[in-house]
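The values are calculated or read from the model by the stated rules, or taken from the named source; none is laboratory data. As the structure is a prediction and not an experimental result, all values here were calculated from the model. Here Cβ is always computed from backbone atoms with ideal geometry, including for glycine, and neighbour counts include all displayed protein chains. Just the protein is used for accessible areas: all its heavy atoms, side chains included, with ligands, DNA and RNA removed. Shrake-Rupley method; radii C 1.70, N 1.55, O 1.52, S 1.80 Å.
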Amino acid sequence: MHLTNFASRILLVLVLIGQTLAFTDYLLKSCSQSGFCLRNRHYAREMQKARKQEAYSIDPTSIQTQDTDHSFQANILKRVPSQNGGEASGKTIVLPLFVDILDGGKVRFKINELRNSTLERGVDVINPKRYDEAYMWAFDKSANVSPADVDISTSYWPSRRDDIEIKSKDSEVSVRVHLTKFRIEIFYRGKLVLVVNDRMLLNVEHQRSLQENASQKLPEELTFNDFEDSFQYSKEDSLPFGPESVALDFTLIGINDVYGIPEHADSLRLKDTQNTEPYRLFNVDVFEYNLQAKTPMYGAIPLMIGAKPGFAAGVFWVNSADTWVDIEYDESETKTHWISEAGVIDVMIFLADNPLEVTSAYTEVTGRPQLPMISSIGYHQCRWNYNDEKDVLTVDSQMDKAGIPYDFIWLDLEYTDDKKFFTWKPDAFPNPERMLRKLWKLGRNLVTLIDPHLKINYNVSELVETSKSSVRNHDDSSYHGHCWPGESIWIDTLSSSARKVWRQLIDGFLMNYDNLHIWNDMNEPSIFSGPETTAPKDLLHGGGFEERSVHNLYGLTVHEATYEAMKESYSNKAKRPFLLTRSFFAGSQRTAATWTGDNVANWDYLHISVPMCLTNNIVGYPFIGADIAGFSGDPTPELLIRWYQAGVWYPFFRGHAHIDAERREPYLLQEPVRSIVRDIIRLRYSLLPTFYTAFHVSSINGTPIMNPLFYVHPELEGVYDIDDQFYLGQTGLLVKPVTEEGATEVSVFFPSGLFYEYESMKSFSIDKPRRITIDAPLEKLPLFIEGGTIIVRRDRYRRSSKLMANDPITLLVAPNKEGRASGKLYTDDGETFAFQTGEYIDISFDYEQGVLTSRINHKPSDGQLFASKIEKIIIAKGDAAQSSSYALLKKGSNEWMQSVEYSEESNFITIKNPHLNLQEMWSMILHG
Ligand code: NOJ
């Protein structure tokens with residue numbers, strides 16, 4: 001027994017070593033190698049020992065509650081005691097604070113620092129202010145973030161109460177700000193739910209010179225790496241402001257499960273970090289990244305969601321600097337500690353009855369996910385690289401020959417002339433326009449890679465250098481580093497003049513071809529010669545702000561600039577651009593899709609792709625997928641099948657492979673693998689109307705497309721740590737991908753109710769929530785419908801989504817125990833922004849005890865656009881379904897009868913060709 005344990009431990013160690021070897025860990029700092037992280041963790045320990053904080057309090061004379069733009073405004077004073085603990089205090093630093101209650105259960109507060117306008121050690125091109133513009137990039141331009149009407153209790157003075165209370169008019173939210181010991185208590189419906197600075201970990205490392213530094217520290221602080229960086233790869237950092245981190249703690253009362261803060265290759269439920277590294281948010285290039293790790297990755301969204309049955313809260317830390325987050329689960333609460341290297345403390349709190357509403361409120365502020373072109377939610381065929389025009393057109397025709405639908409083919413790095421972006425390799429792609437035209441014949445699209453680094457010494461980089469549009473060194477010269485093309489410069493898309501130059505370049509490149517799209521890769525930015533694989537932190541961007549302060553949002557500025565340029569360049573001005581970005585920040589969901597970067601063709605990476613995608617989905621960024629079937633390496637046929645079975649549910653569905661991997665386009669696969677993969681891709685295409693409707697719902701209220709169980713059934717205690725199965729949008733489709741080698745069955749958790757196995761439509765009833773073992777031979781994907789749902793499909797095979805646009809519809813009705821079901825269909829032209837001016841159709845279907853009705857909620861002026869017929873209505877025979885012999889159909893004053901066919905095992909009935917059209921109101925009554 002002991003031996004077995006020992007052996008399994010050794011095995012575990014070997015597995016872990018195997019994983020840590022995947023990515024060169026030592027390139028990235030640990031918390032103890034990062035000055036500001038170590039200092040703040042130390043401060044936290046000291047404060048917890050001391051259990052009191054005397055340094056930070058609100059100056060009561062500074063409080064303003066009327067005639068201001070905010071619900072509450074005041075100064076926090078930071079008092080640094082004199083060195084020898086003498087009578088007179090040393091120095092007082094003024095930290096302006098505002099607190100707002102916003103409509104819809106939101107609270108925002110900000111803590112800034114009044115700073116001198118000069119820098120003793122600095123150069124005058126550096127902006128001396130703390131960076132307070134992250135919200136401008138993260139928030140949607142049209143978001144309403146002005147404070148709601150509030151009631152304020154002003155009895156703190158003269159009765160000397162130590163707090164002030166701000167209450168929303170509807171009394172849903174109230175906020176109590178404590179003065180002498182700075183602390184904010186947040187109440188939802190009268191209950192205390194969240195405490196800010198509960199553990200007194202507020203720390204604002206204020207502006208000071210090297211000479212003043214030691215004398216301006218609080219007794220609980222360390223001076224480690226205040227004015228230097230001793231980490232092997234970032235020693236050159238000039239740290240012009242010295243220490244300037246901001247940190248704060250939040251306690252979520254009554255919460256034991258927190259989620260979010262991507263990007264990490266980790267479980268959906270975040271782990272306790274008391275004995276490990278904190279989670280780090282710092283956009284970096286992590287080829288073959290580590291799994292089950294808190295190390296940073298390509299993107300950062302600083303939103304954490306805590307949830308339990310009946311309540312959920314979100315903490316959005318609006319800061320784009322290098323950030324670490326500690327999590328401590330306590331029995332009745334979750335304690336979190338947020339530490340950022342620079343910038344201001346800008347926080348938005350969301351309070352709601354369930355997590356779905358938190359995600360929705362967050363996207364009300366940061367923008368709803370885009371509604372992408374319908375073709376872009378079809379299948380994407382990518383590889384590093386398709387070598388030339390012939391190669392591209394061969395893949396294109398071979399897919400058709402094998403009967404495999406697809407919509408996008410991709411050109412990676414090597415299509416360029418010598419890795420110079422905005423050029424084509426002349427011999428390989430002599431006539432890109434001809435190639436684009438050929439692809440367009442079947443409605444297909446091409447994506448080309450354009451990275452933000454530009455090889456030096458060619459017309460494009462020269463234009464960027466001469467117009468001073470590149471990222472600068474701190475002496476204002478243009479920064480040069482190394483990436484794919486060798487020595488390169490980086491476009492500074494934080495600067496508005498640089499964005500104009502970028503627009504000009506994209507415009508020239510797109511050549512008016514509306515089926516040409518863009519992939520912004522390496523935009524963390526990835527810099528092979530840079531510290532931690534990225535940009536030196538003392539580089540400068542537009543506005544004179546350091547890379548240190550804006551690092552995590554640089555990638556967003558690149559893809560937003562690209563998106564805006566694409567929109568303006570298309571000849572059809574109403575065309576929706578498709579754009580993929582590797583790096584992202586809060587707000588990226590408005591304009592680009594993303595993916596989980598450089599994974600590996602093995603089972604662990606397949607497994608982790610599900611929680612990674614779920615995490616992005618719940619933080620408002622659902623258009624995500626992982627490279628199928630693993631970027632590096634060659635998948636076994638079994639892994640490849642299982643990966644397509646899982647990947648067909650990723651909102652972004654793309655096959656991609658490394659330049660050294662063997663070719664694995666689906667038509668090249670041996671039978672029976674090829675047919676199995678073909679049928680999986682066809683399943684995605686048949687469900688495109690359902691997927692598109694889910695994308696539409698998400699674009700309206702920000703909710704996920706892949707939903708973890710606790711998003712659909714937050715009332716169930718047992719689902720809060722399930723991250724290997726999920727629902728597609730609000731459609732009732734429940735998926736459990738197989739992610740284990742050799743598995744022929746899986747354990748699926750079912751909430752109570754009536755369920756159907758998707759293919760056979762065989763029903764089974766679950767009395768109380770429980771796990772069931774389900775057969776899952778290799779060709780089978782465990783897929784179920786929760787009773788109560790109507791699914792919309794298009795069942796005819798076509799070569800691309802464009803060719804399906806007018807195909808007939810199949811309705812699949814899966815009633816619940818009460819014999820009821822409902823569903824929705826949203827559709828539009830799938831390509832342009834015309835839907836914004838009402839050119840769409842929105843239909844509800846309802847079924848109750850044998851009666852199915854369609855209701856048109858919205859129809860465009862030209863209904864002919866959506867004249868699809870309904871060719872089949874399938875009704876599952878759940879417990880309450882009828883045994884009918886014919887159906888009576890009604891449309892206006894017309895009535896007619898249609899026969900009913902029974903399936904072989906009598907699991908469902910079918911009404912074929914019911915003579916109905918999508919854009920009409922009708923009803924159907926089953927008769928015995
Ligand atoms: C890195 C990306 O993550 C990968 O997908 C791409 O193939 C290579 N860059 C080459 O461009």
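If you take the residues of the stretch 523-536 that are within 25 Å of the chain's Cα centre (by Cα) and more than 16 Å from the ligand (Cβ to nearest atom), which of them is farthest from Ala134 (Cα to Cα)? The qualifying residue farthest from Ala134 (Cα to Cα) is Glu532. When restricted to residues that are open to solvent by less than 10 Å² (accessible area, probe 1.4 Å) and either more than 16 Å from the ligand (Cβ to nearest atom) or over 22 Å from Tyr233 (Cβ atoms) (or both), the stretch 266-285 contains 9. Working only within the stretch 581-600, note down all residues that are within 16 Å of the ligand (Cβ to nearest atom) and open to solvent by 10 Å² or more (accessible area, probe 1.4 Å). Listed by number, the residues that qualify are Asp598, Val600.
The single residue among Ala593, Ala561 that is touching a Lys or Arg at 6+ places or on another chain (Cβ under 8 Å) and of a type in the set (Gly, Ala, Ser) turns out to be Ala561. Apart from one condition, Asn520 fits all of (1) more than 16 Å from the ligand (Cβ to nearest atom); (2) open to solvent by less than 40 Å² (accessible area, probe 1.4 Å); the exception is (1). Taking the criterion of being farther than 12 Å from Gly597 by Cβ and in contact with a helix residue (DSSP H, G or I) (Cβ under 8 Å, 6 or more places away or on another chain), the residues of the stretch 265-279 that qualify are Asp266, Ser267, Leu268, Glu277, Pro278. Flag: Gly625 matches the condition of being within 16 Å of the ligand (Cβ to nearest atom) and open to solvent by less than 20 Å² (accessible area, probe 1.4 Å).
Given the criteria modelled with pLDDT of 95 or more and touching a Pro at 6+ places or on another chain (Cβ under 9 Å), does Glu133 qualify? Answer is no for this residue.
Right, Glu357: within 16 Å of the ligand (Cβ to nearest atom), farther than 30 Å from Val125 by Cα, at pLDDT 95 or above and in a helix (DSSP H, G or I) or not? Spelling it out, it is not the case that Glu357 is within 16 Å of the ligand (Cβ to nearest atom), farther than 30 Å from Val125 by Cα, at pLDDT 95 or above and in a helix (DSSP H, G or I). The residue list Asp266, Asp272 contains one member that is among the charged types (D, E, K, R), touching a residue at least 40 places away in the same chain (Cβ under 8 Å), in a loop (DSSP other than H, G, I, E, B) and farther than 28 Å from Lys110 by Cα, which is Asp266. Whether a residue is of a type in the set (Gly, Ala, Ser), closer than 19 Å to Tyr298 by Cβ and away from the ligand (no atom under 14 Å from the Cβ) was assessed, and Gly620 passes this test. Within the stretch 620-634, residues that are farther than 9 Å from Phe652 by Cα have Cβ atoms under 7 Å from residues that are away from the ligand (no atom under 16 Å from the Cβ) and among the aliphatic types (A, V, I, L, M) in these pairs: Tyr621/Ile301; Ala629/Leu639; Ala629/Leu640, counting only partners at least 6 apart in sequence or on another chain.
When every residue of the stretch 290-306 is checked against the conditions, at least one turns out to be away from the ligand (no atom under 16 Å from the Cβ), free of Cβ contacts under 8 Å to residues at least 60 places away in the same chain and buried (at least 24 other Cβ atoms within 10 Å of the Cβ). Closer than 24 Å to Ala293 by Cβ, open to solvent by 10 Å² or more (accessible area, probe 1.4 Å) and modelled with pLDDT under 95 - does that describe any residue in the stretch 222-232? Yes, the stretch 222-232 contains a residue that is closer than 24 Å to Ala293 by Cβ, open to solvent by 10 Å² or more (accessible area, probe 1.4 Å) and modelled with pLDDT under 95.
I'd like to check something: does the stretch 195-203 contain any residue that is of a type outside the set (A, V, I, L, M, F, W, C) and more than 17 Å from Ile345 (Cα to Cα)? No: the stretch 195-203 contains no residue that is of a type outside the set (A, V, I, L, M, F, W, C) and more than 17 Å from Ile345 (Cα to Cα). Residues that are open to solvent by less than 20 Å² (accessible area, probe 1.4 Å) and without any contact (Cβ under 8 Å) to a residue 60 or more places away in the chain do not occur anywhere in the stretch 798-810. Considering only the stretch 135-153, state which residues are open to solvent by 30 Å² or more (accessible area, probe 1.4 Å) and of a type in the set (Gly, Ala, Ser). If the condition is that a residue be open to solvent by 30 Å² or more (accessible area, probe 1.4 Å) and of a type in the set (Gly, Ala, Ser), then Ser142, Ser146, Ser153 are the ones that fit. In the stretch 793-807, is there at least one residue being closer than 29 Å to Tyr902 by Cα and within 28 Å of the chain's Cα centre (by Cα)? The answer is yes; a qualifying residue exists.
Filter the stretch 540-575 down to the residues that are basic (Lys, Arg) and touching a strand residue (DSSP E or B) at 6+ places or on another chain (Cβ under 8 Å), then identify the one that is most open to solvent (accessible area, probe 1.4 Å). Taking the candidates together, the pick is Lys567.
Filtering the stretch 433-457 to residues that are of a type outside the set (D, E, K, R), over 29 Å from Thr534 (Cβ atoms) and either over 33 Å from the mean Cα position of the chain (by Cα) or open to solvent by less than 10 Å² (accessible area, probe 1.4 Å) (or both) leaves Met435, Leu436, Leu439, Gly443, Asn445, Leu446.
Being among the basic types (Lys, Arg), away from the ligand (no atom under 16 Å from the Cβ) and at pLDDT below 95 is a condition met by no residue of the stretch 460-471. Within the stretch 644-655, residues that are of a type in the set (A, V, I, L, M) reach partners that are open to solvent by 10 Å² or more (accessible area, probe 1.4 Å) with beta carbons closer than 7 Å, at six or more positions or on different chains, in the pairs Ala646/Thr739; Val648/Ile680; Val648/Leu683. Is the stretch 400-421 home to any residue that is aromatic (Phe, Trp, Tyr) and away from the ligand (no atom under 16 Å from the Cβ)? Checked against the condition, which is being aromatic (Phe, Trp, Tyr) and away from the ligand (no atom under 16 Å from the Cβ), the stretch 400-421 yields at least one hit. Looking across the stretch 295-312, the residues that are under 22 Å from Ala134 (Cα atoms) and assigned to a loop (DSSP other than H, G, I, E, B) come down to Pro296, Met297, Tyr298, Gly299, Ala300, Ile301, Pro302. Do we find that Asp396 is of a type in the set (Asp, Glu), within 16 Å of the ligand (Cβ to nearest atom) and out of contact with any Pro (no Cβ under 9 Å at 6 or more places or on another chain) in this structure? No: the conditions fail for Asp396. Within the stretch 171-191, the set of residues being among the hydroxyl-bearing types (Ser, Thr, Tyr) and open to solvent by 60 Å² or more (accessible area, probe 1.4 Å) comprises Ser171, Thr180. Taking strands (runs of 3 or more DSSP E) as the structural unit, those lying wholly within the stretch 545-655 and holding at least 1 residues that are within 13 Å of the chain's Cα centre (by Cα) correspond to 579-581, 593-595. Checking every residue in the stretch 338-349 against the condition of being part of a helix (DSSP H, G or I), farther than 24 Å from Ser801 by Cα and either assigned by TED's automatic domain parsing to the domain that holds Leu97 or modelled with pLDDT of 95 or more (or both) gives zero matches.
Among the residues of the stretch 825-850, those identified as surrounded by 15 or more Cβ atoms within 10 Å (Cβ to Cβ) and assigned to a strand (DSSP E or B) are Leu825, Tyr826, Thr827, Asp828, Thr832, Tyr840, Ile841, Asp842, Ile843, Phe845, Asp846, Tyr847.
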